[in-house]
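The values are calculated or read from the model by the stated rules, or taken from the named source; none is laboratory data. Bear in mind that the values here come from a model prediction, so they are computed numbers and not experimental data. Note that each Cβ is placed from the backbone with ideal geometry, even for glycine, and that neighbours are counted across all protein chains shown.
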């Protein structure tokens, strides 16, 4: 009997981009994340996988890549991304499950996962799938929500929260929303074939009072300087890191791109409105320029 797959957080129908980012007073968070990405991301590359791309908030920041693949479980988020970014052949929009990525092994030379891992109840499995689709030596930029942050430590010491920020297990503070300990993240990355090159601490000043009384431009400059301590300690609510895929793993052969999530076959015939797996005959629809591999 096959085990139940991990649950997936589905943003289908959500106005997350508008309500959280555009109207949610989060210019500071957006800009400091842009600084971190600029510091960690290679300047150029061939094909980048954006895991949890959502409505494409970060996609324009990957200018140096020839091709961008936006993956999200939500069809409506990808529809919003396509409306914002366009139908250029540079962009490929894919609805799929991170626990069973619909791509051939060793396809990408870079991947990013920003504000997405915190929805993973099985983070190691998600990281293993990302490593599978990366080429040896590929870059992986990961952001994760950090349970070992100063606010959580103070709240715990003052007995204002029940869970400990010092233990290694994730804490699920609301359904399918997890904070992780930095040591656990590093362990999982190493176990799944990554070496960690650099860490940045981000969003040092994520407090309503500070954002209200200090100009965003100044907060961003302050955070930009503080990010540089990331290799020494990780005490912020958000941590960015750059890892490299290690080992002699396969590289996708010319012409191999998608993998059937049902049977793992990599020979798929493309028709105008669908892909057909030649191994198991499963059909995967293409609708409004989005490849739909949802289970």
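Tell me, please, whether a residue that is under 17 Å from the mean Cα position of the chain (by Cα), touching a residue at least 60 places away in the same chain (Cβ under 8 Å) and closer than 17 Å to residue 240 by Cα can be found in the stretch 97-111. Yes, because at least one residue in the stretch 97-111 is under 17 Å from the mean Cα position of the chain (by Cα), touching a residue at least 60 places away in the same chain (Cβ under 8 Å) and closer than 17 Å to residue 240 by Cα.
Restricting attention to the stretch 193-203, which residues are surrounded by 22 or more Cβ atoms within 10 Å (Cβ to Cβ) and in contact (Cβ under 8 Å) with a residue 60 or more places away in the chain?
Pass one, the stretch 193-203, residues surrounded by 22 or more Cβ atoms within 10 Å (Cβ to Cβ): 194, 199-203.
Residues satisfying the conditions are 194, 200, 202, 203.
Residues of the stretch 74-103 that are surrounded by 22 or more Cβ atoms within 10 Å (Cβ to Cβ) and farther than 20 Å from residue 17 by Cβ: 101, 102, 103.
Considering the stretch 249-277 alone, what residues qualify as being touching a strand residue (DSSP E or B) at 6+ places or on another chain (Cβ under 6 Å) and part of a loop (DSSP other than H, G, I, E, B)? Walk me through how you get there before you give the answer.
Just the residues of the stretch 249-277 that are touching a strand residue (DSSP E or B) at 6+ places or on another chain (Cβ under 6 Å), to begin with: 249, 251, 258-260, 265, 268-269, 273-277.
The answer is 249, 251, 259, 260, 265, 273.
When the stretch 127-138 is filtered for residues that are surrounded by fewer than 22 Cβ atoms within 10 Å (Cβ to Cβ) and part of a strand (DSSP E or B), the ones remaining, listed by number, are 135, 136, 137. Within the stretch 229-267, being surrounded by fewer than 16 Cβ atoms within 10 Å (Cβ to Cβ) and under 17 Å from residue 150 (Cα atoms) holds for 229, 231, 232, 233. Return a yes/no flag: does the stretch 149-161 have any residue that is touching a residue at least 12 places away in the same chain (Cβ under 8 Å), more than 29 Å from residue 10 (Cα to Cα) and crowded, with 16+ Cβ neighbours inside 10 Å. There is at least one residue in the stretch 149-161 that is touching a residue at least 12 places away in the same chain (Cβ under 8 Å), more than 29 Å from residue 10 (Cα to Cα) and crowded, with 16+ Cβ neighbours inside 10 Å.
Summed over the stretch 22-49, residues that are part of a helix (DSSP H, G or I) and at pLDDT 95 or above total 14. Residue selection: residue 79 fails the criterion of being part of a helix (DSSP H, G or I) and in contact with a helix residue (DSSP H, G or I) (Cβ under 9 Å, 6 or more places away or on another chain). Filtering the stretch 87-104 to residues that are more than 11 Å from residue 129 (Cβ to Cβ), out of contact with any helix residue (DSSP H, G or I) (no Cβ under 6 Å at 6 or more places or on another chain) and modelled with pLDDT of 95 or more leaves 90, 92, 94, 104.
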